[in-house]
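Working notes, beginning with the structure itself.
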Amino acid sequence: MSAAEVIDGLRSLSETDREPTALGLYHLICRTPDMYELYLRSGDEEEYTMLAYEREEELLGRAPSEFEDSFEDWLSALKTARLLEDWAGEVDEDELTDRYQVGPGDIRGKTDAAEWLLGAAESLAAELGLGVSSEVRRARQRVEYGVRSELVELAEVRSVGRKRARRLFDAGIETPAELRGADKSVVLGALRNRTKTAETVLENAGHPDPSMTDVEPDAESLPEREETDGGGTDDDQSNLEDF
């Protein structure tokens, strides 16, 4: 798929009342030569053909016939888009590597390429006045941080990332502004009693007093199976999820 075909896909979307979904936008950019698609393995063709029928209304552009030579590549792009959708849906990295039989580096490569391609699509949509640039931007942000829409702003705070953003959100801290003025005991509890991490996060958010001296974690904010070692590192936040 060429850049012109991407533009055509965005233009056709802007001319309808449909709101673009993340999967539809991911599939659109996964069909470009700049995205290295996932291979179809045994059983994948049937699975992703079924997915294409189930979510047909979300997919942009013309779908090739099952009898066309290009159909397999189109399904490979759909499989790649589904990986990106899962990542942006906060599926754990270990589960993704098992589900798609890829390594963490492969996931990082796909998310980096998707972020770049969606950034280009966003610029084109804005320049051409297609009216979908905000939706493309949100899809780009979600794949950049690996989060659902409600976590994008929190994940943009340096040192937060996808897992910490989810813990903070679940503790009732939903925006960077709320993080700047948050109760430090709630932040410490949400961040698993990791004092250095909590101080760094609050400092980056602009909290007036990020020090955790004499602060005890709020018990209701502690995630289940908590290890309260006071000042360690987040050993469950894998390398890719730190970015």
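I'm trying to understand the selection: among the residues of the range 201-219, which are in a helix (DSSP H, G or I) and over 14 Å from ALA155 (Cα atoms)?
Residues satisfying the conditions are GLU203, ALA219.
Going through the range 57-82 one residue at a time, which ones are surrounded by fewer than 20 Cβ atoms within 10 Å (Cβ to Cβ), over 13 Å from GLU37 (Cβ atoms) and either touching a residue at least 24 places away in the same chain (Cβ under 8 Å) or not assigned by TED's automatic domain parsing to the domain that holds SER42 (or both)?
Once the filter is applied, which keeps residues that are surrounded by fewer than 20 Cβ atoms within 10 Å (Cβ to Cβ), over 13 Å from GLU37 (Cβ atoms) and either touching a residue at least 24 places away in the same chain (Cβ under 8 Å) or not assigned by TED's automatic domain parsing to the domain that holds SER42 (or both), the range 57-82 yields GLU57, GLU58, GLY61.
Among the residues of the range 153-170, which ones are part of a helix (DSSP H, G or I) and of a type in the set (Gly, Ala, Ser)?
Hits for the range 153-170 are ALA155, GLY161, ALA165.
Given (1) assigned by TED's automatic domain parsing to the domain that holds VAL91; (2) buried (at least 16 other Cβ atoms within 10 Å of the Cβ), where does GLY131 come up short, assuming only one miss?
Answer for GLY131: the failing condition is (2).
Can you spot a residue in the range 175-185 that is outside the structural domain of ALA120 (by TED's automatic domain parsing), within 21 Å of ASP92 (Cα to Cα) and among the β-branched types (Val, Ile, Thr)?
Within the range 175-185, none of the residues are outside the structural domain of ALA120 (by TED's automatic domain parsing), within 21 Å of ASP92 (Cα to Cα) and among the β-branched types (Val, Ile, Thr).
Within the range 171-192, identify whether any single residue is under 25 Å from GLU216 (Cβ atoms), assigned to a helix (DSSP H, G or I) and polar (S, T, N, Q), and answer yes or no.
Scanning the range 171-192 turns up at least one residue that is under 25 Å from GLU216 (Cβ atoms), assigned to a helix (DSSP H, G or I) and polar (S, T, N, Q).
Sort through SER65, SER70 and tell me the only one that's over 26 Å from LEU151 (Cα atoms) and touching a Phe, Trp or Tyr at 6+ places or on another chain (Cβ under 7 Å).
SER65
Can you tell me which residue among GLU216, GLU224, GLU199 is of a type outside the set (Val, Ile, Thr), outside the structural domain of GLU93 (by TED's automatic domain parsing) and free of Cβ contacts under 8 Å to residues at least 12 places away in the same chain?
Just one listed residue meets the conditions, GLU224.
Here are some conditions: (1) surrounded by 15 or more Cβ atoms within 10 Å (Cβ to Cβ); (2) without any contact (Cβ under 8 Å) to a residue 24 or more places away in the chain. ALA52 meets all but one. Which one does it not meet?
Of everything listed in (1) surrounded by 15 or more Cβ atoms within 10 Å (Cβ to Cβ); (2) without any contact (Cβ under 8 Å) to a residue 24 or more places away in the chain, ALA52 misses just condition (2).
The values are calculated or read from the model by the stated rules, or taken from the named source; none is laboratory data. Because the structure is predicted, anything quoted here is derived from the model rather than measured. Please note: Cβ atoms are built from the backbone with ideal geometry, for glycine as well, and neighbour counts cover all protein chains shown.
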